[in-house]
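Here is the structure we will look at.
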Amino acid sequence: MFQEAAIRAWQHAAQLEPGAEALRPWLFAVVRNLVVDGHRVRRSRPPEVDDESLRRMPVPDGVEHTLTTRVVVDAMRDLAPFQREVLLHLYHMGRSVSRTARVLGVPPGTVKSRTHYAMRALRAGPSSRGLR
């Protein structure tokens, strides 16, 4: 900015008085105008981004969702059929414990027990596959 002010002073040297009293206010006005112009330019257009920033920018590509789905499906396959069935009724169909117990023909305590062990197995599933 100060370099630009010096260039403008040099370009207008013939029009400026050589005394410091006249030159100083003119230079301050030039610098002020340069600052205001720079501010307006930065506001008028979006900030520029270099290529490195673009490479680090996340792109929603569905990979995370696909991988999570795959891990859950694999973990569900590892469950015993009666555990999968209880989770299907409770979480997928949205049934209560008592309704699930009636549909499956087992006591509510059995539904709770199967749910507990199924959820414990599901939590251990990803870590047994080397995932966090």
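The values are calculated or read from the model by the stated rules, or taken from the named source; none is laboratory data. None of these values were measured; they are calculated from a predicted model. Please note: Cβ atoms are built from the backbone with ideal geometry, for glycine as well, and neighbour counts cover all protein chains shown. All accessible areas refer to the heavy atoms of the entire protein, side chains included, with ligands and DNA or RNA removed. Shrake-Rupley method; radii C 1.70, N 1.55, O 1.52, S 1.80 Å.
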(request) Go through the residues of segment 60-68 one by one and say whether even a single one is open to solvent by 60 Å² or more (accessible area, probe 1.4 Å), touching a helix residue (DSSP H, G or I) at 6+ places or on another chain (Cβ under 9 Å), at pLDDT 80 or above and outside any loop (DSSP other than H, G, I, E, B). (result) no
(message) Testing Arg84 on (1) open to solvent by less than 50 Å² (accessible area, probe 1.4 Å); (2) closer than 19 Å to Ala121 by Cα; (3) not polar (S, T, N, Q), one condition comes back false. Which one is that?
(response) (1)
(request) Confirm whether Glu21 is without any contact (Cβ under 8 Å) to a residue 12 or more places away in the chain and more than 37 Å from the chain's Cα centre (by Cα). (result) yes
(message) Condition check: closer than 30 Å to Gly105 by Cβ, open to solvent by less than 70 Å² (accessible area, probe 1.4 Å), among the β-branched types (Val, Ile, Thr) and free of Cβ contacts under 8 Å to residues at least 12 places away in the same chain. Does Val36 satisfy that?
(response) no
(message) Out of the residues in segment 87-107 meeting the condition of being closer than 15 Å to Met119 by Cβ and of a type in the set (Val, Ile, Thr), tell me which one is surrounded by the fewest Cβ atoms within 10 Å (Cβ to Cβ).
(response) Val97
(request) Go through segment 105-132 and count every residue that is in a helix (DSSP H, G or I), of a type in the set (A, V, I, L, M, F, W, C) and modelled with pLDDT of 95 or more. (result) 1
